[in-house]
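Okay, structure first, notes after.
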Protein chains: 2
Amino acid sequence: MKNFRDEDALVREIARHFLPGSGRGLRLGIGDDAALWKPKPGFASILTSDWFLESSHFLREKHPPDSVGWKCLARAASDIAAMGGTPRCFLLNLALPAATSGTWLNGFLLGLRRAAKFLDCALAGGDTTRSQRILISVTVIGEIREGRELLRSGARSGDRLYVSGVPGEAEYGLRLFRKSRGRMNLKNEALRKHLYPEPRVALGRWLAERKLATAMMDLSDGLSSDLARMCTASGVGAQVDPGKLPLPHGMDRESGRQLALHGGDDYELLFSVSPRMVPRLPANFRGLRLTQIGEITAGSGVRVFGRNGKLEPLRAAGWDPFRQKK
Amino acid sequence: MKNFRDEDALVREIARHFLPGSGRGLRLGIGDDAALWKPKPGFASILTSDWFLESSHFLREKHPPDSVGWKCLARAASDIAAMGGTPRCFLLNLALPAATSGTWLNGFLLGLRRAAKFLDCALAGGDTTRSQRILISVTVIGEIREGRELLRSGARSGDRLYVSGVPGEAEYGLRLFRKSRGRMNLKNEALRKHLYPEPRVALGRWLAERKLATAMMDLSDGLSSDLARMCTASGVGAQVDPGKLPLPHGMDRESGRQLALHGGDDYELLFSVSPRMVPRLPANFRGLRLTQIGEITAGSGVRVFGRNGKLEPLRAAGWDPFRQKK
């Protein structure tokens, strides 16, 4: 496939991969100065924007381009799911080296289109330019029925703490990916979760619509870091029983716990539920495991039950681009 | 000023520079997974997102950090003005080398805050990470009364073609800036326009509210490139009389014309007006010059009157990151 030598041609190539930009609230999509959007009556808009950068978030030579396309949209859409909303459209800012505007771009757009279809989320616009590294910034616009949004700040002492899925699984998948040297078994759940995470839109919407949770956020940097943020926002503390954490398949208990507590990139939902709502929560939501892992406490800070059964402070040791060396 | 070693601290520092994120339709700003936004009743949302990258759009060592802060928001907001809308809030994606997270960041945030105040546009959220170069992606959300948006596609044969301000002035300012070697006279209009452009929000809104224009867009890449896009979108042609183009102060006629036709970064408005509305258009709108520079024709393509008085095709020779060598 040839490389692009003209910005308008590149924009046409991007637009060609997607449905005409309208419907579902999007009144005018790609092709003008800006997009026009209006949610359903009685709904408000949710706005979120995320980086996805070569070298920081993916490796150009190692990650399949279609995984880059899928994941850049999926992880941004996860922030919409984290409030209980539904993603509806997105803006793609893409900066490319000339050498990647052919075959790499094609694979990227195929993955992005698959994610857009999976999420029922239309391309609304964006910006393209040239750069030395591949730079992606994705803005997702969603909608939520007014007053139903689930914030980080709603957790109250005594609420039970839940996670969806298997926290740490994506980080385990990253380890498998690093060892894979190009031969990847996509039937492996953890590897699939690293490459093609699925934001928990249906679960988030269900919890919000039925007012089952008091606070919610997505797990992107790791449970220890993200739960600390929820506690700060809500002005509460939390205690976690690591023995209750589901472990990634194929991991021993101790390494599994470390990954579950500190591994990033999961895009599972972390939410608190008041005790009277707990009986209404199933153990599985459409095949997705929901696990009670602890509870919200008065005070501040996150503590875990250690091996001796005593509570110990949990250090926030998830992903932080400004703290970690790579 | 110290550099940041922790993403949460960086986010707090950014938030500290801005008003609490609410009001004017923004119901929940920075600090949660996503922002909540709802325009006034009877209005739709306008969405746009723009790159502003070190080396491509600004030079870290040469451009004042507060100009980078001002301009990254101003140019994205210009796309909202280009549809006749009003910018209301924005998402800031910022990736920084550790060495720029102190003094440079402070200057950047001061410029960004000034632009946000000038535009009455609130910080709604975004994303931060670390990178080798300074990377900025700004998404602006605006509002427009339903049905009043001015698109690129509305121009009709016989409409008169207008520009605001002095196209080419920003490119002239860039030349002065390159020569300035650090000593800058900010009383110079062209230099100010390169460093601190002012999107034409009031003019765009006025034209849209009064239904005075048939099509509109902003001049970001240069008149020859942008007018060609308007013509393609509208399925029309255009002819331009370069003799009518206002010239940047201090330039001779021939160089001034070249800059006016092909110079980028102006963020002026280009719009078409049906002949019966022409009498309602003033020569100045609140001190901003409005100039009739030609008209929309049947057919396709942009032509200019050459020195011999004959019409010649105008090559689209504005800014294109995929075409131009730097």
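Looking across region A:132-160, the residues that are of a type outside the set (A, V, I, L, M), at the interface with another protein chain (Cβ under 9 Å from one of its Cβ atoms) and crowded, with 21+ Cβ neighbours inside 10 Å come down to A:Ser137, A:Thr139, A:Gly142, A:Glu149, A:Arg152. Whether any residue in region A:200-218 is among the aromatic types (Phe, Trp, Tyr) and under 25 Å from A:Arg280 (Cα atoms) is what I want to check. Yes, the conditions are met somewhere in region A:200-218.
Residue by residue through region B:166-195, note down the ones that are within 16 Å of the chain's Cα centre (by Cα) and either surrounded by fewer than 20 Cβ atoms within 10 Å (Cβ to Cβ) or among the acidic types (Asp, Glu) (or both). Hits for region B:166-195 are B:Glu169, B:Glu171, B:Leu174, B:Arg192.
Would you confirm whether or not region B:76-93 contains a residue that is under 26 Å from B:Glu268 (Cβ atoms), away from every other protein chain (no Cβ under 13 Å) and free of Cβ contacts under 8 Å to residues at least 60 places away in the same chain? Within region B:76-93, none of the residues are under 26 Å from B:Glu268 (Cβ atoms), away from every other protein chain (no Cβ under 13 Å) and free of Cβ contacts under 8 Å to residues at least 60 places away in the same chain.
Looking at A:Leu259, A:Leu207, just one residue is modelled with pLDDT under 95 and surrounded by 24 or more Cβ atoms within 10 Å (Cβ to Cβ), and that residue is A:Leu259.
Per this entry, A:Gly222 is not counted among residues that are away from chain B (no Cβ under 14 Å) and touching a helix residue (DSSP H, G or I) at 6+ places or on another chain (Cβ under 8 Å). Among the residues of region B:282-321, those identified as small (Gly, Ala, Ser) and surrounded by 13 or more Cβ atoms within 10 Å (Cβ to Cβ) are B:Gly294, B:Ser300, B:Gly301, B:Ala316, B:Ala317, B:Gly318. Of all the criteria given as (1) touching a residue at least 24 places away in the same chain (Cβ under 8 Å); (2) within 30 Å of A:Val68 (Cα to Cα), the one not satisfied by A:Cys231 is (2).
Being within 19 Å of the chain's Cα centre (by Cα), assigned to a loop (DSSP other than H, G, I, E, B) and closer than 23 Å to A:Asp32 by Cβ: is that true of B:Gly299 here? It is false that B:Gly299 is within 19 Å of the chain's Cα centre (by Cα), assigned to a loop (DSSP other than H, G, I, E, B) and closer than 23 Å to A:Asp32 by Cβ.
Scanning region B:201-214 for residues that are touching a Ser or Thr at 6+ places or on another chain (Cβ under 7 Å) and closer than 18 Å to B:Pro167 by Cα gives B:Val201, B:Leu203. Criterion first (surrounded by 22 or more Cβ atoms within 10 Å (Cβ to Cβ) and within 13 Å of chain A (Cβ to nearest Cβ)) does B:Ala116 satisfy it? The answer is no for B:Ala116.
Within region B:110-129, being farther than 16 Å from A:Thr139 by Cβ and of a type in the set (D, E, K, R) holds for B:Arg113, B:Arg114, B:Lys117, B:Asp120. Out of A:Thr214, A:Thr297, A:Thr232, A:Thr291, one residue alone is in contact with a Pro (Cβ under 6 Å, 6 or more places away or on another chain), β-branched (Val, Ile, Thr) and at pLDDT 95 or above. It is A:Thr291.
Annotation: B:Pro41 fulfils all but one of (1) buried (at least 20 other Cβ atoms within 10 Å of the Cβ); (2) more than 7 Å from every other protein chain (Cβ to nearest Cβ); (3) within 30 Å of A:Pro41 (Cα to Cα); (4) more than 22 Å from the chain's Cα centre (by Cα); the unmet one is (1). Could you check, for region B:49-58, whether at least one of its residues is more than 10 Å from every other protein chain (Cβ to nearest Cβ) and more than 19 Å from B:Gly126 (Cα to Cα)? For region B:49-58, residues more than 10 Å from every other protein chain (Cβ to nearest Cβ) and more than 19 Å from B:Gly126 (Cα to Cα): present.
The values are calculated or read from the model by the stated rules, or taken from the named source; none is laboratory data. Owing to the predicted nature of the structure, the values given are computational and were not obtained by experimental measurement. Don't worry about glycine lacking a Cβ; one is built from the backbone with ideal geometry, like all the others, and counts go over all protein chains shown.
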